[in-house]
Amino acid sequence: MLGLTETTNDLREIEMEAEKNSAQHALALDIFCHRIKKYIGAYIAILGGLDILVFTAGIGEHSLQVRKKVLSGMEYLGIEMDEKKNERNEFEIGKGKVRVLVVPTNEELAIARDTRNILKSLQEQVEKEIPEESMATQLSQLSGDDKAELIALWLRNPYATVFEIAEQLEKRIGKKLDVRVISKGMELLGLNKVSEKKKTELARNNKSQPERSYK
């Protein structure tokens, strides 16, 4: 859109300029809607028909003009727009055989929910019970040098997950340890009790330090 208008890729600005009789912005808007219409037609052919057409996200939710241009001339496919409903930005704006919906999105909420579910799943993995004998055996395999590596990795990024530390530790010491064992080791070292204030301070100090390599 920026290439076509030579001024902006913001559709709101493009629509305003088109309303001010800017031929270049009007052309960009027409090309944009034409391409959407082409995709709809292509996927109807692939699917062998259509039950519901959904407009969503910023443009789909808020641009009356884009919805009108896209749906224009699609009555033969059973897609027909109710202009008054479109102007009122209603949830359902169609009146033909195919339902036409305007569905609001909330990407931030979806990301937050997915993140919560992933973290919950990872936490459950960490909290799964491991036989005490096996735990003791694996903990005993951590030498003083291994524990030093563990502390060094944690200091490098106090906000790293136990899974990230486990992956890095395996590369450093050459042996794979159960994340629950590493979690227990961090607990025994008291790393799980460090305050948020101290973690922030460590993270900030680490960012200010130049990258160093050791041979």
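Report those helices (runs of 4 or more DSSP H) wholly inside the range 14-100 carrying at least 3 residues which are touching a residue at least 40 places away in the same chain (Cβ under 8 Å).
Output list reads 57-62, 64-71.
Looking only at helices (runs of 4 or more DSSP H) that lie completely in the range 142-195, which have at least 2 residues being acidic (Asp, Glu) and closer than 27 Å to Lys120 by Cβ?
Hits in the range 142-195: 162-173.
Would you tally the residues in the range 37-57 being within 21 Å of Asn86 (Cα to Cα) and either in contact with a His (Cβ under 8 Å, 6 or more places away or on another chain) or exposed (fewer than 10 other Cβ atoms within 10 Å of the Cβ) (or both)?
Result for the range 37-57: 1.
Table: residues versus (1) among the β-branched types (Val, Ile, Thr); (2) at pLDDT 90 or above.
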site	(1), (2)
Glu13	no, no
His34	no, yes
Lys37	no, yes
Ile40	yes, yes
Ile44	yes, yes
Asp51	no, yes
Ala57	no, no
His62	no, no
Gln65	no, no
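Taking the range 105-122 on its own, how many of its residues are surrounded by 11 or more Cβ atoms within 10 Å (Cβ to Cβ) and not aliphatic (A, V, I, L, M)?
2
Which condition does Leu71 not pass, out of (1) surrounded by fewer than 16 Cβ atoms within 10 Å (Cβ to Cβ); (2) farther than 15 Å from Val103 by Cα; (3) modelled with pLDDT of 90 or more, if it passes all the others?
Going through (1) surrounded by fewer than 16 Cβ atoms within 10 Å (Cβ to Cβ); (2) farther than 15 Å from Val103 by Cα; (3) modelled with pLDDT of 90 or more one by one, Leu71 breaks only (1).
Among (1) among the charged types (D, E, K, R); (2) over 24 Å from Glu90 (Cβ atoms); (3) in contact with a Leu (Cβ under 7 Å, 6 or more places away or on another chain), where does Lys38 come up short?
Going through (1) among the charged types (D, E, K, R); (2) over 24 Å from Glu90 (Cβ atoms); (3) in contact with a Leu (Cβ under 7 Å, 6 or more places away or on another chain) one by one, Lys38 breaks only (3).
The values are calculated or read from the model by the stated rules, or taken from the named source; none is laboratory data. Since this is a predicted model, take the numbers as computed values, not measurements. Reconstructed Cβ throughout: ideal geometry from the backbone, glycine too, with neighbour counts over all protein chains shown.
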